[in-house]
Amino acid sequence: MSRGKFAEAAQAFIRIIPEQRQAVLQLTSNQEKLAAPVPHVDSGLSILFSRRYRARTALVTIPWFLMDIATYGVWTVLLRRF
């Protein structure tokens, strides 16, 4: 639907979820409303380090990295004993 192929998208959706046939047909009858342009959103790895996500990225990455080191250290010690 985001590419303007309303009929094809509706047929595929009805084939997957036939109980929603009426809702799909109602949506595709409002094609003008659905054809509004989709805003471009930047994606990729650089977005993780943008001002908006920098703190969140650090709060997820640092504990994960520390747990990774700890797990590696524990397994190294355990495997060395056997």
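Only the coordinates and a few stated rules stand behind these numbers; no lab work does. Being a predicted model, the structure only gives us computed values, none of them experimental. In this analysis, Cβ positions are derived from the backbone assuming ideal geometry, glycine residues included, and neighbour counts consider all displayed protein chains.
Structure data summary
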{"item": "Per-pair calculated FRET efficiency, R0 = 30 Å: residue 20 and residue 43 via Cβ, rounded to 0.05", "result": "0.55"}
{"item": "Contour excess over end-to-end distance, with Cα ends at residue 60 and residue 76 and 0.36 nm allotted per residue", "result": "3.3 nm"}
